[in-house]
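Asker: Below is the structure I would like to discuss, written out as C-alpha cells.
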Amino acid sequence: MPNVKTNALLPKGEENGLADIAGILVAEGAGRAPKRLRAAIVIFDTKRVGIESDTGEENATVRFRRVEVLLAADLGAAEKLIRRALEARSGQTTLELELEDEIRQAFDQMKEPDSPEDPDEGKGGKGQGGKK
C-alpha cells in the first residue's frame, strides 16, 4: 500500500493561516506556554511521487496549498466532519450532517425538557423558544 508524506514547506503569504499563531507555537515549543492541540483545515495536492528502490514502496508527497486554524466556535462542526470522514474511510454507515444535527437537537431537548431551545428554529419552524 502506498504511503503519504508531507512536504515541510507551508504556503507563503495569505495562504498560511499558521503564520498568525507562530508566536504562540514558538512559546509552546520553547516551554514558555503550555502545549495544546489545535484544529486546522487544509487544502492540499500531490507535489511528487516516488518509489523506494530498496523496497519498491510507493510514496506520494503532499503539498499544503492553504492552511487555516479553525475558530473555537467551529470546533463542534469540525468534530462532526472529522468523525464523518473517519466513518466513511473505515466503511461505517454515516448520516447526513443535517440529519445528525436534527437528531442531536431532538435528543438534547429530550434530555432537557424545560430547555427553551427549539430544534426547529432556523429551519422555518414556529418554535417559541430562544437560545440559552
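Asker: Tally the residues that are in a helix (DSSP H, G or I) and either among the acidic types (Asp, Glu) or modelled with pLDDT under 70 (or both), restricting the search to the range 105-126. Before you say what the answer is, go through the steps one by one.
Answerer: Filtering the range 105-126 for residues in a helix (DSSP H, G or I) gives 105-111.
Going one step further and asking which of them are either among the acidic types (Asp, Glu) or modelled with pLDDT under 70 (or both), we end up with 107-111.
Here the count works out to 5.
Asker: I've got another one for you. Of these, Glu68, Glu87, Glu14, which one is surrounded by 13 or more Cβ atoms within 10 Å (Cβ to Cβ) and either outside any helix (DSSP H, G or I) or outside the structural domain of Gln105 (by TED's automatic domain parsing) (or both)? Can you show your working first?
Answerer: Values: Glu87 fails: either outside any helix (DSSP H, G or I) or outside the structural domain of Gln105 (by TED's automatic domain parsing) (or both); Glu14 fails: surrounded by 13 or more Cβ atoms within 10 Å (Cβ to Cβ).
None of the other options fit; the residue is Glu68.
Asker: Next question. Within the set of pairs 6 or more residues apart or between chains, which connect a residue that is under 13 Å from Pro2 (Cβ atoms) inside the range 35-63 to a residue that is outside any strand (DSSP E or B) with Cβ atoms less than 6 Å apart?
Answerer: Glu58/Pro2; Thr61/Asn7
Asker: Could you run through the range 17-39 and say how many residues are surrounded by 12 or more Cβ atoms within 10 Å (Cβ to Cβ), touching a helix residue (DSSP H, G or I) at 6+ places or on another chain (Cβ under 9 Å) and either at pLDDT 90 or above or among the acidic types (Asp, Glu) (or both)?
Answerer: The total comes to 4.
Asker: Check Asp101 against each of (1) surrounded by 11 or more Cβ atoms within 10 Å (Cβ to Cβ); (2) in a loop (DSSP other than H, G, I, E, B); (3) at pLDDT below 90 and name the one condition it does not meet.
Answerer: (2)
Asker: Which members of the range 46-58 meet the condition of being assigned to a strand (DSSP E or B) and out of contact with any Lys or Arg (no Cβ under 6 Å at 6 or more places or on another chain)? I'd like the intermediate steps shown before the answer.
Answerer: We begin by selecting, within the range 46-58, every residue assigned to a strand (DSSP E or B); these are 46-51, 58.
Hits for the range 46-58 are Thr46, Arg48, Val49, Gly50, Ile51, Glu58.
The values are calculated or read from the model by the stated rules, or taken from the named source; none is laboratory data. All values derive from a computational prediction rather than experimental measurement. Heads up, the Cβs are rebuilt from the backbone with ideal geometry, glycines too, and the neighbour counts pull from every protein chain shown.
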